[in-house]
Every structure is written in structure tokens, then in C-alpha cells.
Amino acid sequence: MSYNSEMLNEIKEVNLSYLLLAQRLLREDKSTGMYRMGISDHVADVLANLTLSQTVKLAATNQLLCRFRFDDHVVLSSLTHTGKNASVASSHAAILLAGQPVEHIG
């Protein structure tokens, strides 16, 4: 198996894991799931209502479906901060993430 082929298989595995986790989060507590993933109500409804075959088909794409949300140095630094103020740093990161715009289906 080539490096590229192996990488594509790993992307598909990550996609499937992400979609299944996203669906579980949304079905158990939609509001919290939306917050944790940074998605809109519309995107949450689409993800939560995918059939198993739709989920598997979507996961099979060669593009990562999840987005790295920590593209802000302050947020990333807050989450990786270790020390006696780690809980404060984590709370600060949560506040910063809550202020980020949600993703929409275009």
C-alpha cells in the first residue's frame, strides 16, 4: 500500500469516527454538541439525521470533515498551558471558543 493510499484510508477512518461522535453528541445533548463542535443548528440537524449509509458515504471522502478550531494562538496557548492556573486557562479558552462564529453549510 502506498503512502498516499494509506493516508487516504486514515482520513476516511478519522471521518467516520468524527461523524459517529458528532451524531452521538448531538443526539444526547444537541446544544452542548453544537457548542463543542462550533456548528450551527442547521448543520447539527443535517449531521444528526444522516442515515448509516449516508454517514459511511460521507466519511469515504478524501477530505478531512472535521476542522481544527484552534487556529488562534491565544486559544491554543490557553489549552496547552500547564501549571497552577491551568483550570483558569481552560476556562479562558472555552470563553474564546464560545465567541467564534459557527460553521454553516454553504
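The values are calculated or read from the model by the stated rules, or taken from the named source; none is laboratory data. Predicted, not measured: the structure shown is a model, and the values here were computed from it. Cβ sites come from the backbone with ideal geometry, for glycine too, and all protein chains shown count toward neighbours. We work out accessible area using only protein heavy atoms, side chains counted, and drop any ligands, DNA or RNA first. Shrake-Rupley method; radii C 1.70, N 1.55, O 1.52, S 1.80 Å.
Before moving on, here are some points about what is shown:
- Label point at Leu50 placed 7 Å out along Cα→Cβ; residues across the stretch 1-23 whose backbone nitrogen lies under 20 Å: 7-23
- Share of carbon and sulfur in the accessible heavy-atom surface of the stretch 1-66 [1.4 Å probe, %]: 56
- By accessible area with a 1.4 Å probe, ligands and nucleic acids excluded, highest first: order of Ser5, Ser53: Ser53, Ser5
- Accessible area ranking (1.4 Å probe, heavy atoms, ligands and nucleic acids excluded), largest first, for Glu6, Glu13: Glu13, Glu6.
- Net length gained if the chain between Tyr35 and Tyr3 were fully extended (0.36 nm per residue, minus Cα distance): 8.0 nm
- Under-5 Å amide H pairs with Ser40, H placed in peptide plane, nonlocal only: Glu103
- With all protein chains modelled, accessible area of Leu58 [1.4 Å, Å²]: 70
- Rounded to whole numbers, the Karplus 3J(HN,Hα) couplings from phi for the stretch 2-10 are 6, 4, 5, 5, 5, 5, 5, 5, 5 Hz, using 6.51 cos²θ - 1.76 cosθ + 1.60 with θ = phi - 60°, and x at Gly and Pro.
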